[in-house]
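What follows is a single structure, written as structure tokens, with notes after it.
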Amino acid sequence: MSVHLAIETAHRAGGVAVRGEDGRVVAVPLESASGIDDRLMPEIDRLFRELGATPCEVSLVGVSIGPGGFTGLRIAVSTARSLALTTGCAVVAVPTAIVAAAGSEATVAVLLSSRRGTIWCTRVAAGGQIDGEPGLVGTSGLAERIRGCEAVIADDHLPEDMAELLGDVPIRPLHLDPTACLEAAEAMAADGRTVDPGTLEPLYPRPPEAVRLFEAR
């Protein structure tokens, strides 16, 4: 049986989606800031049972790798890695920007993980392909990075001065659909873009605050 799983918990509102062998997709929303470590595996198990399968039958797992929240990313990546090492399934590391831009009909800029005057900017073309090299950008370089974009997708932490620099470019709220993560993972897998589960890591633009505080003790 070929069953596909996607885990999207990079930001506060995400979820899990599973595609059964018959092509049917079932999904459940999850709040990553609300006990995600206790809920993730039970919800995965429930969705598999709804499809008449078990997690042991998974052949592909896609995980949204960020940028995003430290806890949600850490748990999602650890879960995907464990499933892959246990079952031997293929793994796809899906940039969260691709999930955010799902359904866009032109190039958009996804702005995530703002802190200390910089933000992680990813340009995503129609069809879900990353355009150029994502990276941290400050206010002085933002206008150039979004040039030619139909819209900007940003989380709730976009600084006011950066928002003002966008001018007439529409700002769309961040929405992360686990089914979009699933579809992106399947497309990437079809292109051969799977990863070794042993090398799977979250995308942290900067050292996570939890790590910085621990190292500063």
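Any read-out appearing in this document is the output of simple, stated calculations on the displayed coordinates, not a laboratory observation. Computed from a predicted model, the values in this text were never measured in an experiment. Here the Cβ is made from the backbone with ideal geometry for all residues, glycine too, and neighbour counts use every protein chain on show.
Structural remarks
- Here's how it looks for ARG123: its modeled amide H is under 5 Å from those of VAL110, ASP131, which are all 5 or more places away or on a different chain.
- Taking the number of Cβ atoms within 10 Å of each Cβ as an exposure proxy, the fewest-first ranking of ARG19, ARG172 is ARG172, ARG19.
- Considering only beta bridges that DSSP places wholly inside the stretch 97-173, some 60 percent are antiparallel.
- Under the criterion of Cα pairs below 8 Å and six or more residues apart, the relative contact order for the chain equals 23 percent.
- Quarter of the Cα convex hull surface for the chain, i.e. its orientation-mean projected area (nm²): 12.3
- Relative contact order for the stretch 97-173: 30 percent, from Cα pairs under 8 Å spaced at least 6 residues apart, divided by residue count.
- Potential lengthening between GLN129 and GLU50 on full extension [0.36 nm per residue; Cα-Cα distance subtracted]: 25.2 nm
- In the chain, the longest principal axis of the Cα atoms and the axis of helix 70-87 are about 30 degrees apart.
- The H on the amide N of THR9, modeled in the peptide plane, is under 5 Å from the matching H of GLY15, SER64, each at least 5 residues off or on a different chain.
- Per residue of the chain, the DSSP helices (runs of n ≥ 4 H) give a summed -39500 (n - 2.57) that works out to -9500 deg cm²/dmol at 222 nm.
- Remark: spin-label model distance GLU186-THR86 equals 2.4 nm, labels positioned 7 Å along the Cα→Cβ axis.
- Of all DSSP beta bridges in the chain, antiparallel share, percent nearest 5: 60
- Most to least packed among 46-54, 159-167 [average Cβ atoms within 10 Å]: 46-54, 159-167
- The ranking of SER82, SER104, SER113 from fewest to most other beta carbons within 10 Å of each one's beta carbon is SER82, SER104, SER113.
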